[in-house]
Amino acid sequence: MSNYQKPRGTDDVYGSEITKWHYIEALIREICYLYRYHEIRTPIFEHTEVYKRQEDSSDMVNKEMYTFDDNGGRSLTLKPEGTAGIIRAFVENKLYNTTDLPLKLYYIAPNFRYERPQKGRMRIHYQFGVEAIGEKNPTVDVEVIFLGYSLLTALGLQDLKVLVNTLGDDESRSAYRSALKTHFKQHLASMCPDCQKRYEQNPLRILDCKVDKEHPAMLSAPEISDYLSEQAKTYFASVLNDLKLLGIDYQIEPKLVRGLDYYSDTVFEVVSCNKDMGSQATIFGGGRYDKLVEYYGGPKMSGIGFGMGIERLLVALEAEGIDVAQPHECDLYIMPLDASYQSEALALATIARSNGFTTDMDYQKRSMKAQFKAADRANAKVIAILGEDEIKSSQVTLKNTLTKDQVTVSYFDLLATLESWLVEEEDIDEPHDHENCDCTHHH
RNA sequence: GUGGCUGUGGCGAAGUUGGUUAACGCACCGGAUUGUGGCUCCGGCACUCGUGGGUUCAAGUCCCAUCAGUCACCCCA
(Lines give C-alpha, C1' and ligand atoms only; values in the text may rest on other atoms or scores of the structure.)
Protein backbone atom coordinates (compact mmCIF):
# COMPACT_ATOMS: atom_id res chain seq x y z
CA MET A 1 0.00 0.00 0.00
CA SER A 2 1.08 3.50 -0.76
CA ASN A 3 2.69 5.55 1.95
CA TYR A 4 1.04 8.64 0.57
CA GLN A 5 -2.58 9.61 0.81
CA LYS A 6 -4.55 12.58 -0.34
CA PRO A 7 -5.23 15.29 2.21
CA ARG A 8 -8.41 15.02 4.17
CA GLY A 9 -11.51 16.26 2.45
CA THR A 10 -10.07 16.07 -1.07
CA ASP A 11 -10.92 13.67 -3.82
CA ASP A 12 -9.40 12.02 -6.88
CA VAL A 13 -11.91 12.09 -9.70
CA TYR A 14 -11.54 9.56 -12.51
CA GLY A 15 -13.32 6.79 -14.35
CA SER A 16 -17.03 7.18 -14.93
CA GLU A 17 -17.14 9.90 -12.28
CA ILE A 18 -15.10 12.33 -14.37
CA THR A 19 -17.49 11.89 -17.28
CA LYS A 20 -20.27 13.25 -15.09
CA TRP A 21 -18.18 16.35 -14.47
CA HIS A 22 -17.55 16.79 -18.16
CA TYR A 23 -21.23 16.47 -18.89
CA ILE A 24 -22.28 18.96 -16.22
CA GLU A 25 -19.59 21.46 -17.13
CA ALA A 26 -20.60 21.31 -20.78
CA LEU A 27 -24.21 21.91 -19.83
CA ILE A 28 -23.22 24.85 -17.63
CA ARG A 29 -21.30 26.49 -20.47
CA GLU A 30 -24.18 25.90 -22.84
CA ILE A 31 -26.70 27.51 -20.51
CA CYS A 32 -24.43 30.45 -19.71
CA TYR A 33 -23.95 30.95 -23.43
CA LEU A 34 -27.71 31.09 -23.92
CA TYR A 35 -28.09 33.65 -21.15
CA ARG A 36 -25.05 35.56 -22.42
CA TYR A 37 -23.01 35.21 -19.24
CA HIS A 38 -19.28 35.32 -19.93
CA GLU A 39 -16.66 33.23 -18.23
CA ILE A 40 -14.15 34.92 -15.96
CA ARG A 41 -11.11 33.23 -14.44
CA THR A 42 -9.59 34.88 -11.43
CA PRO A 43 -6.59 33.71 -9.39
CA ILE A 44 -6.98 30.68 -7.21
CA PHE A 45 -5.35 32.69 -4.41
CA GLU A 46 -5.66 36.36 -3.57
CA HIS A 47 -4.16 38.72 -1.06
CA THR A 48 -5.72 37.75 2.22
CA GLU A 49 -7.39 41.14 2.63
CA VAL A 50 -9.56 40.44 -0.40
CA TYR A 51 -11.33 37.68 1.50
CA LYS A 52 -10.90 38.88 5.05
CA ARG A 53 -13.24 41.83 4.98
CA GLN A 54 -13.45 44.01 8.03
CA GLU A 55 -16.47 43.42 10.21
CA ASP A 56 -17.29 40.16 8.52
CA SER A 57 -18.42 37.74 11.18
CA SER A 58 -18.79 34.65 9.01
CA ASP A 59 -16.96 31.47 10.01
CA MET A 60 -15.77 31.01 6.47
CA VAL A 61 -13.71 34.17 6.67
CA ASN A 62 -12.62 33.84 10.25
CA LYS A 63 -11.71 30.24 10.81
CA GLU A 64 -11.89 28.25 7.60
CA MET A 65 -9.41 29.94 5.30
CA TYR A 66 -6.21 28.40 3.96
CA THR A 67 -3.89 31.31 4.51
CA PHE A 68 -0.16 31.17 3.90
CA ASP A 69 2.85 33.36 3.55
CA ASP A 70 4.36 33.41 0.07
CA ASN A 71 8.12 33.61 0.19
CA GLY A 72 8.11 37.38 0.12
CA GLY A 73 6.29 38.07 3.36
CA ARG A 74 2.89 38.58 1.74
CA SER A 75 -0.14 36.86 3.16
CA LEU A 76 -2.14 35.01 0.52
CA THR A 77 -5.32 32.97 0.87
CA LEU A 78 -6.72 30.14 -1.24
CA LYS A 79 -10.09 31.11 -2.70
CA PRO A 80 -12.80 30.22 -0.16
CA GLU A 81 -15.66 31.69 -2.21
CA GLY A 82 -16.20 33.07 -5.67
CA THR A 83 -17.68 36.52 -5.29
CA ALA A 84 -14.89 38.45 -3.60
CA GLY A 85 -12.25 37.78 -6.24
CA ILE A 86 -14.63 38.67 -9.02
CA ILE A 87 -15.62 41.99 -7.50
CA ARG A 88 -11.93 42.72 -6.95
CA ALA A 89 -11.31 41.98 -10.63
CA PHE A 90 -14.36 44.00 -11.64
CA VAL A 91 -12.98 47.04 -9.84
CA GLU A 92 -9.29 46.53 -10.64
CA ASN A 93 -9.97 46.20 -14.36
CA LYS A 94 -12.51 49.04 -14.26
CA LEU A 95 -15.11 46.80 -15.81
CA TYR A 96 -17.74 49.13 -14.36
CA ASN A 97 -17.03 51.33 -17.37
CA THR A 98 -18.68 48.73 -19.58
CA THR A 99 -21.53 50.31 -21.51
CA ASP A 100 -23.97 47.46 -21.24
CA LEU A 101 -24.68 46.75 -17.62
CA PRO A 102 -25.13 44.54 -15.77
CA LEU A 103 -21.90 42.78 -16.60
CA LYS A 104 -22.85 39.13 -16.51
CA LEU A 105 -20.10 36.73 -15.50
CA TYR A 106 -19.76 33.07 -14.61
CA TYR A 107 -17.03 30.77 -13.33
CA ILE A 108 -16.32 27.17 -12.45
CA ALA A 109 -13.56 27.02 -9.87
CA PRO A 110 -12.33 25.15 -6.81
CA ASN A 111 -12.94 26.59 -3.37
CA PHE A 112 -10.89 25.79 -0.29
CA ARG A 113 -12.31 25.67 3.21
CA TYR A 114 -10.89 24.08 6.32
CA GLU A 115 -13.89 22.19 7.71
CA ARG A 116 -14.69 18.66 8.85
CA PRO A 117 -15.78 16.75 5.76
CA GLN A 118 -19.17 15.11 5.54
CA LYS A 119 -21.72 14.26 2.90
CA GLY A 120 -21.86 17.18 0.50
CA ARG A 121 -18.93 18.95 2.08
CA MET A 122 -15.30 18.79 1.05
CA ARG A 123 -12.23 20.87 1.85
CA ILE A 124 -11.75 21.36 -1.86
CA HIS A 125 -15.05 21.69 -3.62
CA TYR A 126 -15.99 23.12 -6.97
CA GLN A 127 -18.46 25.87 -7.48
CA PHE A 128 -20.25 27.04 -10.54
CA GLY A 129 -21.19 30.62 -9.88
CA VAL A 130 -22.68 33.60 -11.57
CA GLU A 131 -22.49 37.34 -10.88
CA ALA A 132 -24.51 40.10 -12.55
CA ILE A 133 -22.98 43.40 -11.56
CA GLY A 134 -24.00 47.00 -12.11
CA GLU A 135 -27.75 47.06 -12.39
CA LYS A 136 -30.12 46.79 -9.47
CA ASN A 137 -33.25 45.40 -10.99
CA PRO A 138 -35.65 42.63 -9.91
CA THR A 139 -35.55 41.25 -13.43
CA VAL A 140 -31.86 40.55 -13.00
CA ASP A 141 -32.44 38.82 -9.66
CA VAL A 142 -34.97 36.51 -11.19
CA GLU A 143 -32.85 35.83 -14.26
CA VAL A 144 -30.00 34.76 -12.01
CA ILE A 145 -32.18 32.46 -9.93
CA PHE A 146 -33.79 31.00 -13.01
CA LEU A 147 -30.46 30.37 -14.70
CA GLY A 148 -29.32 28.18 -11.83
CA TYR A 149 -32.69 26.54 -11.49
CA SER A 150 -32.89 25.69 -15.17
CA LEU A 151 -29.58 23.85 -14.96
CA LEU A 152 -31.03 21.64 -12.25
CA THR A 153 -34.22 20.92 -14.14
CA ALA A 154 -32.29 20.29 -17.37
CA LEU A 155 -30.44 17.59 -15.46
CA GLY A 156 -33.76 16.08 -14.47
CA LEU A 157 -33.87 17.03 -10.78
CA GLN A 158 -37.35 17.23 -9.33
CA ASP A 159 -37.12 17.25 -5.55
CA LEU A 160 -36.33 20.93 -5.37
CA LYS A 161 -37.42 23.79 -3.21
CA VAL A 162 -36.73 27.43 -4.00
CA LEU A 163 -36.46 29.51 -0.84
CA VAL A 164 -36.41 33.28 -1.05
CA ASN A 165 -36.32 36.15 1.36
CA THR A 166 -35.43 39.79 1.41
CA LEU A 167 -33.10 41.46 3.84
CA GLY A 168 -34.26 44.87 2.66
CA ASP A 169 -32.16 47.88 1.86
CA ASP A 170 -29.87 49.60 4.38
CA GLU A 171 -32.69 51.56 5.90
CA SER A 172 -34.91 48.51 6.40
CA ARG A 173 -32.12 46.39 7.72
CA SER A 174 -30.92 48.82 10.35
CA ALA A 175 -34.48 49.33 11.56
CA TYR A 176 -34.91 45.59 11.74
CA ARG A 177 -31.56 45.10 13.38
CA SER A 178 -32.41 47.41 16.25
CA ALA A 179 -35.82 45.80 16.61
CA LEU A 180 -34.13 42.43 16.91
CA LYS A 181 -31.69 43.77 19.44
CA THR A 182 -34.38 45.12 21.70
CA HIS A 183 -36.37 41.91 21.31
CA PHE A 184 -33.53 39.53 22.15
CA LYS A 185 -31.90 41.67 24.83
CA GLN A 186 -34.05 40.33 27.67
CA HIS A 187 -33.74 36.68 26.53
CA LEU A 188 -30.02 36.73 25.88
CA ALA A 189 -29.03 34.92 29.06
CA SER A 190 -31.12 31.88 28.17
CA MET A 191 -29.78 31.59 24.64
CA CYS A 192 -26.82 29.67 23.28
CA PRO A 193 -23.31 31.17 23.41
CA ASP A 194 -23.18 31.49 19.61
CA CYS A 195 -26.35 33.53 19.65
CA GLN A 196 -24.88 35.79 22.30
CA LYS A 197 -21.95 36.41 20.01
CA ARG A 198 -24.21 36.94 17.03
CA TYR A 199 -26.16 39.47 19.05
CA GLU A 200 -23.11 41.70 19.08
CA GLN A 201 -21.76 41.01 15.60
CA ASN A 202 -24.76 40.44 13.38
CA PRO A 203 -28.11 39.99 15.11
CA LEU A 204 -29.71 38.88 11.84
CA ARG A 205 -27.80 35.63 12.02
CA ILE A 206 -29.47 34.71 15.31
CA LEU A 207 -32.43 33.73 13.14
CA ASP A 208 -30.21 31.13 11.48
CA CYS A 209 -29.49 29.37 14.77
CA LYS A 210 -30.47 25.70 14.94
CA VAL A 211 -29.89 25.32 18.65
CA ASP A 212 -32.35 27.95 19.72
CA LYS A 213 -34.83 27.55 16.92
CA GLU A 214 -37.56 26.41 19.33
CA HIS A 215 -36.69 29.09 21.85
CA PRO A 216 -39.79 31.18 22.69
CA ALA A 217 -37.90 34.34 21.93
CA MET A 218 -37.11 32.98 18.48
CA LEU A 219 -40.70 32.13 17.73
CA SER A 220 -41.89 35.54 18.79
CA ALA A 221 -39.09 37.40 17.06
CA PRO A 222 -40.05 40.30 14.81
CA GLU A 223 -40.03 39.60 11.10
CA ILE A 224 -38.21 41.61 8.49
CA SER A 225 -41.39 42.12 6.53
CA ASP A 226 -42.65 44.52 9.20
CA TYR A 227 -39.59 46.72 8.86
CA LEU A 228 -39.20 46.95 5.12
CA SER A 229 -39.11 50.36 3.54
CA GLU A 230 -41.62 51.02 0.78
CA GLN A 231 -38.85 50.71 -1.75
CA ALA A 232 -37.65 47.37 -0.44
CA LYS A 233 -41.20 46.08 -0.32
CA THR A 234 -41.93 46.91 -3.94
CA TYR A 235 -38.59 45.52 -4.99
CA PHE A 236 -39.26 42.18 -3.32
CA ALA A 237 -42.84 42.06 -4.58
CA SER A 238 -41.54 42.53 -8.06
CA VAL A 239 -39.04 39.70 -7.63
CA LEU A 240 -41.78 37.38 -6.44
CA ASN A 241 -44.02 38.42 -9.27
CA ASP A 242 -41.41 37.63 -11.89
CA LEU A 243 -40.60 34.31 -10.25
CA LYS A 244 -44.25 33.39 -10.51
CA LEU A 245 -44.31 34.58 -14.10
CA LEU A 246 -41.55 32.12 -14.96
CA GLY A 247 -43.38 29.33 -13.22
CA ILE A 248 -41.09 28.97 -10.20
CA ASP A 249 -42.85 27.58 -7.20
CA TYR A 250 -40.98 29.54 -4.56
CA GLN A 251 -41.37 29.56 -0.82
CA ILE A 252 -40.77 32.65 1.30
CA GLU A 253 -38.48 31.85 4.19
CA PRO A 254 -38.49 34.78 6.63
CA LYS A 255 -35.58 33.38 8.61
CA LEU A 256 -33.30 32.86 5.61
CA VAL A 257 -30.42 35.27 6.14
CA ARG A 258 -27.39 33.48 4.61
CA GLY A 259 -23.95 33.15 6.09
CA LEU A 260 -22.09 35.94 4.40
CA ASP A 261 -22.59 39.39 5.88
CA TYR A 262 -22.64 41.36 2.66
CA TYR A 263 -26.09 40.48 1.40
CA SER A 264 -28.97 42.92 1.12
CA ASP A 265 -32.42 42.73 -0.45
CA THR A 266 -32.95 39.45 -2.28
CA VAL A 267 -31.45 36.28 -0.83
CA PHE A 268 -32.25 32.76 -1.98
CA GLU A 269 -31.38 29.11 -1.66
CA VAL A 270 -32.35 26.18 -3.80
CA VAL A 271 -32.36 22.99 -1.76
CA SER A 272 -32.93 19.34 -2.51
CA CYS A 273 -35.68 17.86 -0.36
CA ASN A 274 -34.79 14.29 -1.32
CA LYS A 275 -34.38 12.16 1.79
CA ASP A 276 -31.05 10.73 0.58
CA MET A 277 -29.52 14.17 0.23
CA GLY A 278 -27.94 14.30 3.67
CA SER A 279 -27.95 17.32 5.90
CA GLN A 280 -26.13 19.58 3.44
CA ALA A 281 -29.10 20.09 1.20
CA THR A 282 -28.43 23.47 -0.36
CA ILE A 283 -27.41 23.04 -3.99
CA PHE A 284 -27.04 26.69 -4.72
CA GLY A 285 -27.56 29.87 -2.82
CA GLY A 286 -26.79 33.55 -3.10
CA GLY A 287 -28.18 37.00 -3.02
CA ARG A 288 -27.83 40.64 -3.83
CA TYR A 289 -25.03 42.82 -2.50
CA ASP A 290 -25.18 46.61 -2.56
CA LYS A 291 -21.92 47.58 -0.95
CA LEU A 292 -19.32 45.16 -2.19
CA VAL A 293 -18.23 47.06 -5.31
CA GLU A 294 -17.69 50.17 -3.23
CA TYR A 295 -15.90 48.19 -0.57
CA TYR A 296 -13.28 47.12 -3.09
CA GLY A 297 -12.85 50.68 -4.30
CA GLY A 298 -15.29 50.89 -7.17
CA PRO A 299 -18.31 53.08 -7.74
CA LYS A 300 -21.59 52.61 -5.93
CA MET A 301 -22.98 49.62 -7.76
CA SER A 302 -25.10 46.67 -6.83
CA GLY A 303 -24.69 43.08 -7.91
CA ILE A 304 -26.25 39.70 -7.47
CA GLY A 305 -24.92 36.18 -7.73
CA PHE A 306 -24.98 32.62 -6.53
CA GLY A 307 -22.62 29.77 -5.87
CA MET A 308 -23.52 26.21 -6.72
CA GLY A 309 -21.60 23.26 -5.30
CA ILE A 310 -20.91 20.73 -8.05
CA GLU A 311 -20.27 17.91 -5.56
CA ARG A 312 -23.62 18.62 -3.96
CA LEU A 313 -25.25 18.65 -7.34
CA LEU A 314 -23.81 15.19 -7.90
CA VAL A 315 -25.16 14.03 -4.54
CA ALA A 316 -28.60 15.34 -5.48
CA LEU A 317 -28.49 13.54 -8.83
CA GLU A 318 -27.44 10.34 -7.10
CA ALA A 319 -30.23 10.74 -4.56
CA GLU A 320 -32.81 11.01 -7.31
CA GLY A 321 -31.31 8.10 -9.22
CA ILE A 322 -30.20 10.19 -12.17
CA ASP A 323 -27.07 8.90 -13.86
CA VAL A 324 -25.29 11.35 -16.13
CA ALA A 325 -22.16 9.24 -16.61
CA GLN A 326 -21.19 9.17 -20.27
CA PRO A 327 -19.85 6.00 -21.92
CA HIS A 328 -16.54 6.18 -23.72
CA GLU A 329 -17.38 4.68 -27.08
CA CYS A 330 -15.12 2.38 -29.05
CA ASP A 331 -15.67 2.00 -32.78
CA LEU A 332 -12.80 -0.36 -33.41
CA TYR A 333 -10.74 -2.71 -31.25
CA ILE A 334 -7.71 -4.30 -32.86
CA MET A 335 -6.46 -7.71 -31.74
CA PRO A 336 -2.93 -8.62 -32.77
CA LEU A 337 -2.77 -12.36 -32.16
CA ASP A 338 0.99 -12.31 -31.83
CA ALA A 339 3.26 -9.72 -30.29
CA SER A 340 5.09 -9.37 -33.61
CA TYR A 341 1.91 -8.02 -35.23
CA GLN A 342 1.55 -5.10 -32.85
CA SER A 343 3.24 -2.63 -35.17
CA GLU A 344 0.73 -3.42 -37.91
CA ALA A 345 -2.05 -3.06 -35.35
CA LEU A 346 -0.76 0.36 -34.33
CA ALA A 347 -0.51 1.47 -37.95
CA LEU A 348 -4.10 0.39 -38.64
CA ALA A 349 -5.27 2.06 -35.43
CA THR A 350 -3.64 5.29 -36.54
CA ILE A 351 -5.39 5.20 -39.89
CA ALA A 352 -8.76 4.54 -38.26
CA ARG A 353 -8.23 7.27 -35.68
CA SER A 354 -7.20 9.88 -38.19
CA ASN A 355 -10.45 9.17 -39.98
CA GLY A 356 -12.54 9.79 -36.92
CA PHE A 357 -13.06 6.28 -35.55
CA THR A 358 -12.34 5.88 -31.85
CA THR A 359 -9.93 3.01 -31.77
CA ASP A 360 -8.18 0.90 -29.20
CA MET A 361 -6.02 -2.20 -29.38
CA ASP A 362 -4.53 -4.88 -27.20
CA TYR A 363 -0.97 -4.21 -26.02
CA GLN A 364 -0.56 -7.11 -23.63
CA LYS A 365 0.22 -10.14 -25.78
CA ARG A 366 -2.68 -12.02 -24.26
CA SER A 367 -4.63 -14.97 -25.53
CA MET A 368 -7.28 -14.46 -28.17
CA LYS A 369 -9.93 -15.17 -25.56
CA ALA A 370 -8.56 -12.49 -23.26
CA GLN A 371 -8.41 -10.02 -26.14
CA PHE A 372 -12.03 -10.70 -27.01
CA LYS A 373 -12.98 -10.06 -23.42
CA ALA A 374 -11.06 -6.79 -23.48
CA ALA A 375 -12.94 -5.80 -26.62
CA ASP A 376 -16.20 -6.57 -24.82
CA ARG A 377 -15.19 -4.46 -21.88
CA ALA A 378 -14.43 -1.60 -24.24
CA ASN A 379 -17.84 -2.14 -25.81
CA ALA A 380 -16.24 -2.24 -29.24
CA LYS A 381 -18.57 -2.00 -32.23
CA VAL A 382 -16.07 -3.61 -34.56
CA ILE A 383 -13.26 -6.00 -33.76
CA ALA A 384 -10.26 -6.32 -36.08
CA ILE A 385 -8.36 -9.59 -35.92
CA LEU A 386 -4.77 -9.59 -37.03
CA GLY A 387 -3.40 -13.13 -37.13
CA GLU A 388 -0.90 -15.08 -39.15
CA ASP A 389 -3.15 -15.55 -42.20
CA GLU A 390 -4.07 -11.86 -42.33
CA ILE A 391 -0.52 -10.62 -41.93
CA LYS A 392 0.70 -12.87 -44.75
CA SER A 393 -1.84 -11.43 -47.16
CA SER A 394 -1.88 -7.85 -45.85
CA GLN A 395 -5.46 -8.24 -44.79
CA VAL A 396 -7.51 -7.84 -41.65
CA THR A 397 -10.56 -9.72 -40.43
CA LEU A 398 -13.34 -7.44 -39.26
CA LYS A 399 -16.16 -8.60 -37.06
CA ASN A 400 -19.27 -6.54 -36.49
CA THR A 401 -20.11 -7.26 -32.86
CA LEU A 402 -23.73 -6.27 -33.30
CA THR A 403 -24.68 -8.22 -36.44
CA LYS A 404 -21.92 -10.83 -36.05
CA ASP A 405 -21.02 -10.25 -39.69
CA GLN A 406 -17.41 -11.04 -40.46
CA VAL A 407 -15.29 -10.16 -43.48
CA THR A 408 -11.63 -10.34 -44.34
CA VAL A 409 -10.48 -7.34 -46.33
CA SER A 410 -7.25 -5.71 -47.40
CA TYR A 411 -5.79 -2.95 -45.24
CA PHE A 412 -7.02 -0.47 -47.86
CA ASP A 413 -10.62 -1.55 -47.44
CA LEU A 414 -10.60 -1.16 -43.65
CA LEU A 415 -12.05 2.35 -43.74
CA ALA A 416 -14.67 1.53 -46.33
CA THR A 417 -15.93 -1.35 -44.20
CA LEU A 418 -15.97 0.69 -41.03
CA GLU A 419 -17.90 3.41 -42.80
CA SER A 420 -20.47 1.04 -44.21
CA TRP A 421 -21.00 -0.53 -40.79
CA LEU A 422 -20.81 2.47 -38.52
CA VAL A 423 -21.70 5.56 -40.50
CA GLU A 424 -25.30 5.41 -41.57
CA GLU A 425 -27.39 8.29 -42.86
CA GLU A 426 -26.09 10.42 -40.03
CA ASP A 427 -23.61 13.00 -41.20
CA ILE A 428 -20.56 12.81 -38.94
CA ASP A 429 -19.17 16.16 -40.01
CA GLU A 430 -22.09 18.16 -38.64
CA PRO A 431 -21.62 19.18 -35.02
CA HIS A 432 -24.37 17.86 -32.82
CA ASP A 433 -27.16 20.40 -32.35
CA HIS A 434 -27.85 20.44 -28.62
CA GLU A 435 -30.28 23.31 -28.67
CA ASN A 436 -32.90 21.46 -30.62
CA CYS A 437 -32.76 18.06 -29.11
CA ASP A 438 -33.46 16.61 -25.70
CA CYS A 439 -30.13 14.93 -25.25
CA THR A 440 -29.72 16.57 -21.87
CA HIS A 441 -32.16 14.03 -20.50
CA HIS A 442 -30.34 10.78 -20.12
CA HIS A 443 -32.20 8.72 -17.62
C1' G B 1 -13.41 22.55 16.98
C1' U B 2 -17.07 18.35 19.20
C1' G B 3 -19.38 13.41 18.91
C1' G B 4 -20.98 8.23 16.86
C1' C B 5 -19.50 4.24 13.57
C1' U B 6 -15.56 2.14 10.49
C1' G B 7 -10.33 0.77 8.27
C1' U B 8 -8.33 -7.26 6.13
C1' G B 9 -5.46 -8.74 -1.58
C1' G B 10 -8.10 -4.25 -7.52
C1' C B 11 -13.45 -4.67 -5.39
C1' G B 12 -16.93 -7.14 -1.78
C1' A B 13 -16.27 -9.75 2.58
C1' A B 14 -15.19 -14.21 6.79
C1' G B 15 -11.85 -14.27 10.80
C1' U B 16 -14.99 -17.53 17.36
C1' U B 17 -12.59 -16.35 24.61
C1' G B 18 -5.16 -13.75 20.97
C1' G B 19 -2.30 -19.94 18.93
C1' U B 20 1.03 -23.25 13.01
C1' U B 21 1.49 -21.51 5.62
C1' A B 22 -5.20 -15.29 6.76
C1' A B 23 -11.40 -18.39 4.27
C1' C B 24 -14.74 -17.37 0.35
C1' G B 25 -17.01 -14.51 -3.74
C1' C B 26 -16.21 -10.97 -7.89
C1' A B 27 -12.52 -9.35 -11.20
C1' C B 28 -7.98 -10.64 -13.66
C1' C B 29 -4.43 -14.37 -16.14
C1' G B 30 -3.66 -19.52 -18.19
C1' G B 31 -5.84 -24.12 -19.85
C1' A B 32 -9.96 -27.54 -21.44
C1' U B 33 -11.44 -25.09 -26.89
C1' U B 34 -3.16 -25.39 -31.09
C1' G B 35 -7.54 -18.52 -34.54
C1' U B 36 -13.30 -16.36 -32.62
C1' G B 37 -15.63 -13.41 -26.78
C1' G B 38 -20.01 -12.78 -23.23
C1' C B 39 -21.86 -20.16 -20.44
C1' U B 40 -19.32 -24.28 -17.79
C1' C B 41 -15.16 -26.78 -15.53
C1' C B 42 -9.87 -26.99 -13.85
C1' G B 43 -5.63 -24.28 -12.33
C1' G B 44 -3.09 -19.69 -11.08
C1' C B 45 -2.01 -14.48 -9.45
C1' A B 46 -2.78 -11.07 -5.54
C1' C B 47 3.35 -6.74 -2.06
C1' U B 48 3.15 -3.90 5.80
C1' C B 49 -4.48 -7.30 8.03
C1' G B 50 -4.53 1.89 7.62
C1' U B 51 0.22 3.53 10.26
C1' G B 52 3.45 3.66 14.67
C1' G B 53 4.26 1.98 19.46
C1' G B 54 2.99 -1.36 23.68
C1' U B 55 1.34 -6.05 26.42
C1' U B 56 2.48 -11.40 25.48
C1' C B 57 6.20 -17.30 24.44
C1' A B 58 2.52 -15.80 20.58
C1' A B 59 -1.82 -10.13 18.00
C1' G B 60 -5.88 -9.20 12.13
C1' U B 61 -7.68 -10.31 17.06
C1' C B 62 -6.06 -6.82 23.59
C1' C B 63 -4.10 -1.48 25.05
C1' C B 64 -2.33 3.52 23.56
C1' A B 65 -1.42 7.00 19.94
C1' U B 66 -1.92 8.66 15.08
C1' C B 67 -3.82 9.00 10.00
C1' A B 68 -7.92 8.29 6.97
C1' G B 69 -13.11 7.13 5.63
C1' U B 70 -18.20 7.94 6.98
C1' C B 71 -22.38 10.37 9.26
C1' A B 72 -24.11 14.24 12.46
C1' C B 73 -23.31 19.13 15.16
C1' C B 74 -21.23 24.01 13.89
C1' C B 75 -21.13 26.47 9.26
C1' C B 76 -21.89 26.59 4.22
C1' A B 77 -22.02 25.17 -1.86
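Once you divide the Cα radius of gyration of segment A:128-189 by 2.2 N^0.38 Å, the number left is 1.66.
Rounded, prolate or oblate, given the Cα gyration tensor of segment A:62-148, with a/c below 1.5 counting as rounded? Because a/c hits 1.5 or more and a/b fails to exceed b/c, segment A:62-148 counts as oblate.
Fraction of C-alpha pairs exceeding 24 angstrom in segment A:286-411: 50 percent, rounded to a whole number. Between 0 and 90 degrees, the angle of helix A:368-377 with respect to the longest Cα principal axis of chain A falls at about 30 degrees.
Once you've got the GNM for chain A with C-alpha springs shorter than 10 Å, pick whichever of A:Phe284, A:Phe412, A:Phe112 has the biggest mean-square fluctuation. Answer for the Gaussian network model of chain A: A:Phe412. Can you work out the FRET efficiency for the pair A:Thr10 and A:Thr139, with r the C-beta to C-beta distance and R0 = 41 Å, to the nearest 0.05? Once the sixth-power term is evaluated, E becomes 0.55.
Helix A:310-319 axis versus longest C-alpha principal axis of chain A: approximately 70°, rounded to the nearest ten. Rolling a 1.4 Å probe across the protein heavy atoms gives chain A an accessible surface of 52 Å² per residue. Here each label is just a point 7 Å from Cα along the line to Cβ, and for A:Asp69 and A:Lys291 those points are 3.2 nm apart. Largest mean-square fluctuation among A:Gly85, A:Gly356, A:Gly168, in a Gaussian network model of chain A whose springs join Cα atoms under 10 Å apart, belongs to A:Gly356. The sum of -39500 (n - 2.57) across all DSSP H runs of n ≥ 4, divided by the residue count of chain A, sets its helix-only mean residue ellipticity at 222 nm to -10000 deg cm²/dmol. For segment A:118-263, with all protein chains in place and a probe radius of 1.4 Å, 50% of the accessible heavy-atom surface sits on carbon or sulfur.
Each residue, A:Thr397 and A:Lys300, gets one label point 7 Å from its Cα in the Cβ direction; the gap between the two is 8.3 nm. Partner lysines whose Cα lies under 29 Å from the Cα of A:Lys20, excluding those fewer than 8 positions away in the same chain, are identified as A:Lys6, A:Lys79, A:Lys104, A:Lys119, A:Lys161, A:Lys275, A:Lys373, A:Lys381. Determine, from the Cβ-Cβ distance of A:Glu92 and A:Ser220 and an R0 of 41 Å, the FRET efficiency 1/(1 + (r/R0)^6), rounded to the nearest 0.05. E between A:Glu92 and A:Ser220, to the nearest 0.05, is 0.30.
Where Rh is the Kirkwood radius over the Cα pairs of segment A:1-151, the temperature 37 °C and the viscosity 0.692 mPa s, what D in µm²/s does Stokes-Einstein return? Translational diffusion coefficient: 188 µm²/s. Beyond 34 Å, the tail of the calculated P(r) for chain A holds 47 percent of the Cα pairs. Shown here are the Rg and Dmax of the Cα trace of segment A:167-294, at 15.5, 46 Å.
Computed from Cα atoms, the angle from the helix A:230-245 axis to the main principal axis of chain A rounds to 30 degrees.
Is there a pair in A:Lys185/A:Lys255; A:Lys94/A:Lys233; A:Lys94/A:Lys300 whose C-alpha atoms are over 21 Å apart, and which pairs would that be? From A:Lys185/A:Lys255; A:Lys94/A:Lys233; A:Lys94/A:Lys300, over 21 Å: A:Lys94/A:Lys233.
Largest mean-square fluctuation among A:Lys119, A:Lys161, A:Lys79, in a Gaussian network model of chain A whose springs join Cα atoms under 10 Å apart, belongs to A:Lys119. Put simply, the Cα atoms of segment A:246-340 extend 73, 39, 28 Å along their principal axes, the longest span coming first.
Note the direction-averaged projected area, equal to a quarter of the hull surface, for the Cα convex hull of segment A:180-229, in nm².
Values: hull surface 13.7 nm².
The number I arrive at for segment A:180-229 is 3.4 nm².
The values are calculated or read from the model by the stated rules, or taken from the named source; none is laboratory data. All values reported here derive from a predicted model rather than from experimental measurement. So basically every Cβ, Gly included, is an ideal-geometry build from the backbone, and we count neighbours across all protein chains shown. In case anyone asks, the SASA skips ligands and DNA or RNA and just uses the protein heavy atoms, side chains included. Shrake-Rupley method; radii C 1.70, N 1.55, O 1.52, S 1.80 Å.
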